[in-house]
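Please read the structure below before turning to the comments.
The values are calculated or read from the model by the stated rules, or taken from the named source; none is laboratory data. The shown structure was predicted, so the numbers you read here are calculated from the model rather than taken from an experiment. Note that we place each Cβ from the backbone using ideal geometry, even for glycine, and neighbour counts take in every protein chain shown. Surface accessibility is based on the protein's heavy atoms, side chains included, excluding ligands, DNA and RNA. Shrake-Rupley method; radii C 1.70, N 1.55, O 1.52, S 1.80 Å.
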Amino acid sequence: MADRGVDLSALPKEVRDQLAELDLELSEGDITQKGYEKKRTKLLAPYFIHTPVEPPRQPDVQPPASSSSSNHAPPPSGSSRYRERHSRRTHRSGGTRDDRYRSDIHTEAVQAALAKHKEEKMALPMPTKRRSTYVQSPIETRTPPDSSSGSEDETSVRRQSSVVAPPPMVNPNLQSPDSWINRTVQGSSTSSSASSTLSHGEAKPQPQSHHGECVTVCLSCHFPFSTFILRVGVPVSSRVSTKIQQLLNTLKRPKRPPLSEFFTDDSEEIVEVPQPDPNTPKPEGRQIIPVKGEPLGVVSNWPPALQAALARWGATQGKSPALTALDITGKPLYTLTYGKLWSRSVKLAYTLLNKLGTKNEQILKPGDRVALVYPNSDPGMFWVAFYGCLLAEVIPVPIEVPLSRKDAGISQVGFLLGSCGVGLALTSEICLKGLPKTPTGEILQFKGWPRLKWVVTDSKYLTKPSKDWQPHIPTANTDPAYIEYKASKDGTVVGVAVSKVAMLTHCQALTQACNYCEGETLVNVLDFKKDMGLWHGVLTAVMNRIHTISVPYAVMKACPLSWVQRVHIHKARVALVKCRDLHWAMMAHREQRDTSLASLRMLVVADGANPWSVSSCDAFLNVFQSHGLKPEVICPCATSPEAMTVAIRRPGVPGAPLPARAILSMGGLSHGVIRVNTEDKNSALTVQDVGHVMPGALMCIVRPDGPPQLCKTDEIGEIIVNSRAGGNMYYGLPGVTKNTFEVIPVNANGVPIGEIPFVRSGLLGFVGPGSLIFVVGKIEGLLMVSGRRHNADDLVATALAVEPVKTVYRGRITVFSVTVFYDERVVIVAEQRPDASEEDSFQWMSRVLQAIDSIHQVGLYCLALVPANTLPKTPLGGIHISDTKQFFLDGNLHPCNILMCPHTCVTNLPKPRQKQPVGVGPASVMVGNLVAGKRIAQAAGRDLGMIEDQDLVRKHQYLTEALHWRAQTDPDHVLFVLLNAKGVAVSTATCVQLHKRAEKIAAALTEKGSINTGENVVLLYPPGIDLIAAFYGCLYAGCVPVNVRPPHPQNLAATLPTVRMIIDVSVSACILTTQNLMRTLRSKEAAASVNIKTWPTIIDTDDLPRRRPPQIYKPPTAEMIAYLDFSVSTTGMLTGVKISHAAVSALCRSIKLQCELYSSRQIAICLDPYCGLGFVLWCLASVYSGHQSVLIPPFELESCLSLWLSTLSQYRIRDTFCSYSVMELCTKGLGTQTELLKARGVNLSCVRSCVVIAEERPRLALSHSFSKLFKDVGLSSRAVSTAFGSRVNLAICLQGTTGPDPCTVYVDMKSLRHDRVRLVERGAPQSLPLMESGKILPGVRVIIVNPETRGPLGDSHLGEIWVNSPHSASGYYTIYGEESLQANHFNTKLSFGDPQTLWARTGYLGFVKRTELLDASGDRHDALFVVGSLDETLELRGLRYHPIDIETSVSRAHRSIAESAVFTWTNLLVVVSELCGSEQDALDLVPLITNVVLEEHHLIVGVVVIVDPGVIPINSRGEKQRMHLRDSFLADQLDPIYVAYNM
């Protein structure tokens, strides 16, 4: 800095005025930073003093050049003052609140560090927000920056990737060299506003500029990457993909710190800690020797107890003032004399001991604990209460006044009161009236508080003691005198008990150290209930008959200069302040010309131990030296609730040299060693001493973690103190007490150095030259990241040094760490100003990341900005850190801006798995398995055999023959019953009715449709009997039916194109449908989404004439196609498979055998009848087996949820089939109404099997919930099971009526990612429960195969399920006849083992396990477990992940996540979550989702997208369509609430 080594106070007055003028210009924005520095350097050039360089061994402690300047001098009287005043004019409440961390040196260091980053500029994608989520800022700040930013001529930018986009126009003094968003990569550059305008795409239609922006931002690649070819082959140019590209570019940058090698994941072992770096600095000094304070002098007239001092002054100096309290305007309100203080305290003591209960009983006994609840503005009442308690020998526990039930940390105060056994609270009348009350007028019972009796201590309620009553004042002993509360890092509030002798000794030590004299005046700005405010301002003051003027926090807020005025008016000798008060006084100083601080002999800075206090002290001295403030009166001190005063700087002799400063390397500090900062001035920390050890005390420095081993002289450690003047214990908590109050330090060999116990102070520091104590931080502000220590205050200081801080409030920022994935991760939370624009906030956050990375070499995990005034506050207005952290972890912080950087800071992920080359042949694998004693993973259902009605089988190979035969032999047997929402049978079909209806349709097809044999016919029907009749009509006419789900009349645009596609792909010659649907197909609405002029012939089958076809068609061979089954897979692929007549009868026979179906049986079906096993059960099985099917269309459940369950009960159904969507509807909609169902007489005890028809991994949680919820209405826990089918084989497993119950196993997820199956116990960490997918059907064989080598696998491996069965489909139906695809999937041979059998590949991964259960034949049962679709698996870091597992974790992360889906895009994991809460919760989800995926799956989420409920597309089977979602995301069609791009 320019004024390094210049004594500003010695400059001529005109030079000082010119400097001040210059500062004003800079703060008003009339001059740029560069111009300012140039002019300033010119002015100061003649006055430079060159400081000699210190020897670099011990801490760099150097005396300042003169009284007021130092190596860390902030700007002279001008800069901070003018600038701050300017900002105070604009917003009074602004960021001026708390300037603890102000340091211009540091600001300059941060600017330099950011400038360094300029060379490697890069575009960070800005998060995308929906307009409604912008709670905060006015609309005008949302508009994209003016045209100069990126829209010059986008085409030219696109042509030449090396063109540099012109810089955005910004206020010149903000246009610092480090608007770091435009980082150049590979000789190209991007404009900062281009990257940020991206987030306004929705706000303003700018079709042309979209392309431009995308490209501008993506220039960091070698070519303009504006089109992305998706799987479907549609080129998409969209904002989303651009941002992802930016994110990828960001991530390509090598990670900065070369942290020790990634440790390998042994797959069975979880991650270990990285090995330490051999180059880390280690302490080299000798072992420290304990430091002794001067002896505590014995003064003849010191009182034997503190109460005795009060008694003495009350009697001899009754008129002498003890305390002056101020009103809210800062004027004196009342003065309490020593006489009054004594008499009132005695009255209170008498009242407490004798007048609280009824006549005979005494409520309070000496030694009882009593809460003191007094507001900060009423010191007088507090003094009386405190001394009254001391005189009554009850123990006061001062606490803050509770304001509401929701106060930050209120329940923890309850814990304190509980642990101290408090049953009585003293308060003033006014305070009592202000406490929150219940409607009946009683005081609220606060959460976690014990029941309290409230006692008002105003004089009028106290009883004057009788003449002969005198308080008992014993000589000070070791009984507790009072209890001071202390909030620890995790938020728990404990009480530090201080004994009577410790209280007295502490007052004596302070009197000696501070040289207090009788009758002095002291101004106290601190909280008088605890710490320095209590020790100096209440206790030591009374001991020395000092007159205390108490300045409450509220007065300081209204009139920041009030304390300075009080010092001036009362000629005070001592003032007790915090840095905050110094800063406020400096800002308000210009309003007051004639104050004098010459009377001060001691300005005690209570938080002088905070390393950032040094700049406040210097700045204050600069401003007030001209008002008589002497440099030697500034006395920083170090204190803690446990050790009380640890050290304090003694008031100096006028003219003596000022103590030295230490300039330390932050890198060294992070390793716990003291190193002079030589290499990089940006990462320096300047620390001032806090004076010498207290009189009569002994001090050591010990290692903060592990046993209390003495540190070396150049090592940072925790300060521990042995003194009679310290806390004695945490009251009521003996366990925790021992570790803190009874520490015996040990030497390097672990041998105790003596007998005497020390108290831990919680302060980190070292002993400098001349036994001066230096403090560099607090244990509770310590963040341990990857084995290095960082101080929360240091990080806050760096964040606030990032200019311009117009985004956040200075005093409303906090840093804490959360443990995620085996390490601490740093989180910064700050309150954003209401007028900060989205863009400014993002810029500021991005720069904070870099500043902290540069200066502290630590990556931030998360930076969150919340709306103003929403963080939980401590009673004196600071941020309640532990509550804020809890809000963050619970997802209750509600940020308005968030930036997550897991890619940068998570460096302990296991090494990516290297796939083994397929050099080992499958044969060797098989031999290896056999040698290892593992079975080959295969299983089979029982033989199909010839079943009892052989004549039927032999005669009727075809379903048409079976129907014809049933119509002749049992014409009136009802096959189908269709129910409506009221549970009424709206239509039924007997064998003969169905046969006749099929004949009518066959006749219509040949006549109206002139259809030839073998042509395809589309059936377009709602679920019902018409569909069944139309199917058999097609078979009678020799056509091939293609069953298609009808379009949704309310959503034609989305559903009609699929219908059209199937019709086109299947080249159908005709459509059979109902009248209503025919109208829909030809409607105007339909014309909007498809071409309705080119439909094939449409036949409406509602009113057909009674005709019979000439003959019923009989196929020449059973291999002919019976029907086509079309379905959209979860990956969004439309596939049709050919099902032959032979496959149909084999499948029906297999189901008949497994489920024991015959004519007298009745089953209920509630699922969609359009494809797969659902269609087979709805249309085919009854005709084959003759059982009656009760059909319940799933859409009817929307109007009557209980329809399915009441049908089961009413018809006493034993076997029912449903889909997951139906089960979920019942679970969510009826789960709470089981009592109501019971009352209606619903009883499900008849149900012995309820099978869910699905083509996915069984949804265990849903099945369990369903079973548990409906157990109350008689549902057996064994009833629910699942079936499994795929495209190549519609039914592979189905839980029949016999055989063992489906079993559940727990597999290790880590092994599963490596394609290995390792069974673990229930409840094991990282375990995944999997349920068997039903029993394998008769005639079906499955084998588990390695999809790459096509060799069979052992049963401890995960592989693809291959199936061999007579009912497999014959192949895919494709117009182009892609035979290769078909051969690959339907007729595949193993590469080894059994090369003859033909298998069909299901495309699903699974494994087979032999269970302990026995099957029907008495053999051990082999269970098939389906894990997931091969197409859907995500290959990340060389491991195989199943989306459902990640989604399950995500859905557990926060109560507002309704549903989620994951997919990858260019190696980035994208998580899309539906938000069911309010939109202000949206940003809460981002860190929680990132945390849970990192913790449970060891993956870093790249993009988090928060959308509205119902956005994730789900198909008719209830399966998520992740690929559709992916395409919509990349095409920017999701209208997300928020998109976060994790760095």
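Observations, loosely collected:
- Meets criteria (open to solvent by 20 Å² or more (accessible area, probe 1.4 Å) and within 25 Å of A725 (Cβ to Cβ)) for D594: no
- The one condition in (1) out of contact with any strand residue (DSSP E or B) (no Cβ under 8 Å at 6 or more places or on another chain); (2) more than 30 Å from Q957 (Cα to Cα) that K1114 fails to fulfil: (2)
- Filtered residues of region 1070-1088 (kept if more than 22 Å from I1025 (Cα to Cα) and surrounded by fewer than 17 Cβ atoms within 10 Å (Cβ to Cβ)): R1082, S1083, K1084, E1085, A1087, A1088
- Restricting region 481-493 to residues that are at pLDDT below 95 and among the β-branched types (V, I, T), the residue that is nearest to the chain's Cα centre (by Cα): T492
- Region 1174-1205 - residue that is in a helix (DSSP H, G or I) and open to solvent by 10 Å² or more (accessible area, probe 1.4 Å) and, of those, nearest to D972 (Cα to Cα): Y1184
- None of D1527, D1535, D1484, D1508 is closer than 20 Å to E1224 by Cβ and charged (D, E, K, R) except D1508.
- Subset of region 1420-1431 [in a loop (DSSP other than H, G, I, E, B) and at pLDDT 90 or above]: L1430
- Restricting attention to region 453-512, the residues that are of a type in the set (V, I, T), under 26 Å from A541 (Cβ atoms) and touching a Leu at 6+ places or on another chain (Cβ under 8 Å) total 5.
- Comparison of A1540, A1482, A1461 shows that the only residue that is under 17 Å from the mean Cα position of the chain (by Cα) and assigned to a strand (DSSP E or B) is A1540.
- Per the listing A476, A487, A502, A481, the residue uniquely in contact with a His (Cβ under 9 Å, 6 or more places away or on another chain) and buried (at least 16 other Cβ atoms within 10 Å of the Cβ) is A487.
- Qualifying positions in region 666-691 - surrounded by fewer than 23 Cβ atoms within 10 Å (Cβ to Cβ), of a type outside the set (A, V, I, L, M, F, W, C) and part of a strand (DSSP E or B): T686
- In the set T358, T316, T351, T329, only one residue is hydroxyl-bearing (S, T, Y) and open to solvent by less than 20 Å² (accessible area, probe 1.4 Å); that residue is T351.
- All positions within region 688-703 that are in contact (Cβ under 8 Å) with a residue 40 or more places away in the chain and over 19 Å from R661 (Cβ atoms): V693, M694, P695, G696, A697, L698, M699, C700, I701, V702
- Residues (of a type in the set (D, E, K, R) and under 15 Å from the mean Cα position of the chain (by Cα)) located in region 875-917: D883, K885, D890
- Residue list for region 457-471, restricted to those being of a type outside the set (F, W, Y) and either open to solvent by less than 30 Å² (accessible area, probe 1.4 Å) or in a loop (DSSP other than H, G, I, E, B) (or both): T457, D458, L462, T463, K464, P465, S466, K467, D468, Q470, P471
- Which listed residue is open to solvent by less than 10 Å² (accessible area, probe 1.4 Å), in contact with a Phe, Trp or Tyr (Cβ under 8 Å, 6 or more places away or on another chain), touching a residue at least 12 places away in the same chain (Cβ under 8 Å) and not β-branched (V, I, T), from R833, R825: R825
- Of everything listed in (1) open to solvent by less than 10 Å² (accessible area, probe 1.4 Å); (2) free of Cβ contacts under 8 Å to residues at least 12 places away in the same chain, the single unmet condition for I852 is (2).
- Tally, over region 865-905, of residues that are in a loop (DSSP other than H, G, I, E, B), open to solvent by 20 Å² or more (accessible area, probe 1.4 Å) and over 20 Å from G781 (Cα atoms): 5
- The set of residues in region 1127-1163 being open to solvent by less than 30 Å² (accessible area, probe 1.4 Å), more than 24 Å from L1208 (Cβ to Cβ), in contact with a helix residue (DSSP H, G or I) (Cβ under 9 Å, 6 or more places away or on another chain) and in a helix (DSSP H, G or I) consists of H1141, V1144, S1145, L1147.
- Of the strands (runs of 3 or more DSSP E) lying entirely inside region 714-817, not one is found with 3 or more residues being farther than 20 Å from I701 by Cα.
- Residues considered: E1015, E961, E948. Of these, the only one that is under 25 Å from V1067 (Cβ atoms), acidic (D, E), out of contact with any Pro (no Cβ under 8 Å at 6 or more places or on another chain) and at pLDDT below 95 is E1015.
- Residues of region 1516-1533 that are closer than 30 Å to V1252 by Cβ, touching a helix residue (DSSP H, G or I) at 6+ places or on another chain (Cβ under 9 Å) and either buried (at least 22 other Cβ atoms within 10 Å of the Cβ) or of a type outside the set (G, A, S) (or both): R1517, E1519, K1520, R1522, F1529.
- Any hit, region 1446-1455, residues being open to solvent by 10 Å² or more (accessible area, probe 1.4 Å) and touching a Lys or Arg at 6+ places or on another chain (Cβ under 7 Å): no
- Counted residues, region 826-848 - those being of a type outside the set (S, T, N, Q), touching a Leu at 6+ places or on another chain (Cβ under 9 Å) and more than 23 Å from A684 (Cα to Cα): 5
- Residue in region 442-453 that is of a type in the set (A, V, I, L, M, F, W, C) and over 27 Å from G732 (Cα atoms) present: no
- Those helices (runs of 4 or more DSSP H) of region 351-448 in which at least 2 residues are of a type outside the set (D, E, K, R) and at pLDDT below 90, considering only elements entirely within it, cover 410-419.
- Cβ-Cβ distances below 6 Å connect the following pairs, each with a first residue in region 1097-1125 that is open to solvent by 30 Å² or more (accessible area, probe 1.4 Å), a second residue that is acidic (D, E), and a separation of six or more residues or different chains: R1108/E999.
- Residue within region 426-436 that is out of contact with any His (no Cβ under 7 Å at 6 or more places or on another chain), crowded, with 24+ Cβ neighbours inside 10 Å and of a type outside the set (V, I, T) present: yes
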